[in-house]
Amino acid sequence: MAISAIAALTERRFIPKDQLGDDGQEVVGASAFSIRPLDGVMHSHVMSLSRFDQSNGTISYTHEALMVAIGGGLVGWSNILDPVSGDDLVYSDAAISRIPPVYIRQVAMEIIIISELGVEQQKNS
């Protein structure tokens, strides 16, 4: 049976958990991140920077692994406000450092998760 290549690294919206209503749906004015899966080479790099605990089968992602995931998978955002001006914070590599760490981790983990899903699983997620 032939291996299926990655068809497309399709962008999707990721809404942080605290931006969802009690029903799990996006609330009006929610902040959102535009992300895409990592390609195979980038995902392998993330995994090489991670630690596998054989005693319990868990993977711990280092800061470096999370930053590689962000660098390869975060492609934009919406409704992230600059606290000084009150305007939308324009997406750029430099502006990523202004996103609070809790959200950086959530976004990076979501990028890693969608990068590991198969084609059928991505359609259903």
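Every number in this text was worked out from the coordinates using simple rules, so none of it is lab data. As the structure is a prediction and not an experimental result, all values here were calculated from the model.
Return the long-range amide H neighbours of I80 (sequence gap of 5 or more, or a different chain), with a cut-off of under 5 Å between placed amide H atoms. So I80 has HN proximity to L89. The string of couplings for the stretch 85-102 from the Karplus curve (6.51, -1.76, 1.60, θ = phi - 60°) is 8, x, 8, 4, 6, 6, 5, 7, 4, 5, 6, 4, 5, 8, 7, x, x, 4 Hz, one whole number per residue in order, with x for Gly and Pro.
For the stretch 24-93, calculate the relative contact order in percent as a whole number, restricting contacts to Cα pairs under 8 Å that are 6 or more residues apart. For the stretch 24-93, the relative contact order is 36 percent. When the chain is treated as a Gaussian network with alpha carbon springs shorter than 10 Å, the biggest mean-square fluctuation among I111, I80, I70 belongs to I80.
Annotation: amide H of V75 within the under-5 Å range of S34, I35, R36, sequence separation 5 or more or interchain, hydrogens built in the peptide plane.
For the stretch 16-23, the Karplus equation 6.51 cos²θ - 1.76 cosθ + 1.60, evaluated at θ = phi - 60°, returns couplings of x, 4, 6, 9, 9, x, 4, 8 Hz by residue, with Gly and Pro reported as x. Taking every alpha-carbon pair under 8 Å whose residues sit at least 6 apart, the chain reaches a relative contact order of 26 percent. To the nearest ten degrees, helix 63-73 and the longest principal axis of the Cα atoms of the chain are 80 degrees apart.
In the list (i) 29, 17, 10; (ii) 24, 17, 12; (iii) 27, 18, 15, the label attached to semi-axes √(5λ) of the Cα gyration tensor in Å as derived from the coordinates here is (iii).
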